[in-house]
Amino acid sequence: MLPDSPQRILESLSTAVLVFDVELRLMSINPAGEMLLAASARKLTGLTLNELIADGKDFAKVLTDTLRSRHPFTARSVRLRLFGGQALTVDCAVTPLPEGTAGGALLVELSQIDRLLRLAREELMRDRQTANRAVLRGLAHEIKNPLGGLRGAAQLLERELAEPSLKEYTQIIIHEADRLRNLVDRMVGPARPYRREPVNIHEVLERVRRLVLAEHPGGLRFECDFDPSLPELAGDAEQLIQATLNIVRNAVQSMQGNGTITLRTRIERNFTIGGKRHRLIVRVDIEDNGPGIPPELQEHVFYPMVTGRPEGTGLGLSIAQDIAQRHGGLIECVSRPGHTVFTIYLPAESEHD
Ligand SMILES: Nc1ncnc2c1ncn2[C@@H]1O[C@H](COP(=O)(O)OP(=O)(O)OP(=O)(O)O)[C@@H](O)[C@H]1O
Ligand SMILES: [Mg+2]
């Protein structure tokens, strides 16, 4: 059955529809629009475009031009930033309404495309990550068994050695076997199952901040921009500390211990991860003003063994991503020189696996 009025049709559209008056004040918005701008129609109606969109100047110009020329306007892949910090990429169509229309002067339709791009990218990343982890686990098992034998034999040999100076060699074998075992253990993650306890993400971030400041006294500055209304998560605090620490340590290393790291928390509503729609998501941004991720690495930083540091193992981010995924979440990053942001998305509901 068809909806029974134009209003009902508008309400069931998945495209965001916004109607502005000649002064670019929002007069009405449909539910898809509320979702896109992450606020209710009650809050949004009456605000000007500049109050709705943080970097709305260029967009406002497009609307004013359309009003003046009275020619409809469409544009693809327009980037908009909301006041909560969230960036959107939308396809947009702006249509001037006939003069004297009571309901408004301009009709703006926005369809979010970055959500679709993100979903496709994310699915690919999750598949690869799962395949990678399976290979790593198999490899780790195959390495650990002979390694135990090697270490044990070196210890036995050491006891039999009459010449103490030769122990230097058995010590090298033992030391290197231990190093390799630690590496393999890091690759496969903790042996214990993940806990699922109430976690206050701000406590997690505070622990990480203090740990990193203790490692790098002087030169490093933290700025915290926390949303106090954030709900608790159900998760494994130790693992979430590990994931955050891996990201923050990378930032510190890239800035060589000198620079500013911003920790920001926000709530996202109606957000899809791994094909599952979540009502509430906790978003954590970890931002640094270092040189940025080298362009040739950007696409691959979450894969194991990808590193840009001579002494790096390339495991930190793949471990962090694995931890986020096991909490039902996801980590993304954007980077340019002077501005790198890693964003951790974690569902606030407890029914993840
Ligand atoms: N904030 C950042 N700024 C610049 N480059 C970064 C940043 N975060 C990560 N990278 C790049 O991504 C690479 C991969 O990071 P990852 O943490 O996975 O491995 P790693 O730091 O090299 O080694 P590990 O963490 O295992 O000791 C880094 O080597 C670095 O080149
Ligand atoms: Mg690292």
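Across GLY103, GLY259, GLY56, mean-square fluctuation computed from a Gaussian network of the chain (C-alpha pairs under 10 Å connected) peaks at GLY103.
Express the relative contact order of segment 1-156 as a whole percentage, based on alpha carbon pairs under 8 Å and six or more residues apart in sequence. Taking the mean separation of contacting Cα pairs over the length of segment 1-156, I get 19 percent. I want to verify a result. In a Gaussian network model of the chain, Cα cutoff 10 Å, which of these has the top mean-square fluctuation: PRO310, PRO291, PRO31? Residue with maximal mean-square fluctuation among PRO310, PRO291, PRO31: PRO310. Using the average count of surrounding beta-carbon atoms within 10 Å as a protection proxy, the listed peptides 315-323, 83-91 rank, highest first, as 315-323, 83-91. Compared with the dominant Cα axis of the chain, that is its longest principal axis, helix 167-188 is turned about 20°. The calculated FRET efficiency for GLN298 paired with ALA54, based on their beta-carbon distance and R0 = 35 Å, is about 0.90. Applying D = kT/(6 pi eta Rh) to segment 189-264, where Rh is the Kirkwood radius over alpha-carbon pairs, T corresponds to 25 °C and eta to 0.890 mPa s, the Stokes-Einstein value obtained is 184 µm²/s. Taking the number of Cβ atoms within 10 Å of each Cβ as an exposure proxy, the fewest-first ranking of THR101, THR265 is THR101, THR265. Under the criterion of Cα pairs below 8 Å and six or more residues apart, the relative contact order for segment 128-244 equals 28 percent. Placing +1 on the Cβ of every Lys and Arg and -1 on the Cβ of every Asp and Glu, with nothing else charged, gives the chain a dipole about its Cα centre of roughly 160 debye.
Read-outs: derived from the displayed coordinates by stated rules, not from any lab. None of the values given here were measured: they were computed from a predicted structure. All Cβ positions, even for glycine, are placed from backbone atoms using ideal geometry, and neighbour counts span all protein chains on display.
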